[in-house]
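A short worksheet on the structure shown next.
The values are calculated or read from the model by the stated rules, or taken from the named source; none is laboratory data. Every value quoted in this text rests on a predicted model; they were computed, and no experiment measured them. With ideal geometry, Cβ positions are generated from the backbone for all residues, glycine too; neighbour counts draw on all protein chains shown.
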Amino acid sequence: MTAVEAFQRSRGEYRRAILLHGRPGRVEAELEDNVHHFTATLTHDGARVLRMEGGSVRTPYETCGAGSAQMQALGGAPLTPDPRAVYGFADVRHQCTHAFQLAGHAMAHALRGEQVWLYEVAVREPSADRLTAMLRLNGRPALEWRLKGGLIEGAEGLAGVSTAEGWNSRQAGKAKGSR
């Protein structure tokens with residue numbers, strides 16, 4: 001079965017899991033969803049990336065596997081608790097988006113030490129104009145919300161935020177203030 005066929009069979013539900021396994025001087029990471037399955041291995045000295053290697057188990061496009069090989073460009077980058085900071089450390093035009101995001105999560109996890117974290121996301125389509133989304137961390141609910149017409153409903157501090165526009169500083173500040 002191709003990745004596209006697997007996605008088509010799962011219509012109505014999108015799932016993603018990110019597994020981060022911290023070891024002394026190393027993080028092993030995996031991202032798997034309906035279409036993708038990537039791996040990353042980060043070696044670090046506690047402050048900087050010594051080496052980042054990516055792998056692709058399942059990709060929808062030929063270019064995805066080539067992009068994950070570009071993770072080596074992150075060698076020497078500082079470890080950071082913000083996974084989005086990875087976008088400032090390498091040219092994203094040469095990266096696979098999903099593999100690169102996994103690298104950012106691995107870099108953030110390196111600062112947590114010897115821990116195993118499992119993020120699970122499920123997005124369901126109960127009707128044509130509504131979505132429900134859930135994020136679990138290590139089996140425990142972390143966030144749950146509904147989406148209607150591209151706007152978040154019912155999540156304290158996030159209600160009314162547009163998923164199409166992304167996070168701007170006003171929305172991010174609004175969300176932070178609710179926690």
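Looking at P126, P83, can you tell me which residue is within 26 Å of R15 (Cβ to Cβ), at pLDDT below 90 and surrounded by fewer than 20 Cβ atoms within 10 Å (Cβ to Cβ)?
One residue alone meets the criteria, P126.
Considering each of A99, A108, A122 in turn, give the residue that is within 19 Å of D45 (Cβ to Cβ) and in contact (Cβ under 8 Å) with a residue 12 or more places away in the chain. If you could, list the steps in order and put the result at the bottom.
Values: A99 fails: within 19 Å of D45 (Cβ to Cβ); A122 fails: within 19 Å of D45 (Cβ to Cβ).
Matching residue, one of A99, A108, A122: A108.
Scan the range 133-179 for residues that are out of contact with any strand residue (DSSP E or B) (no Cβ under 8 Å at 6 or more places or on another chain), at pLDDT 65 or above and part of a loop (DSSP other than H, G, I, E, B) and report the count.
Here the count works out to 5.
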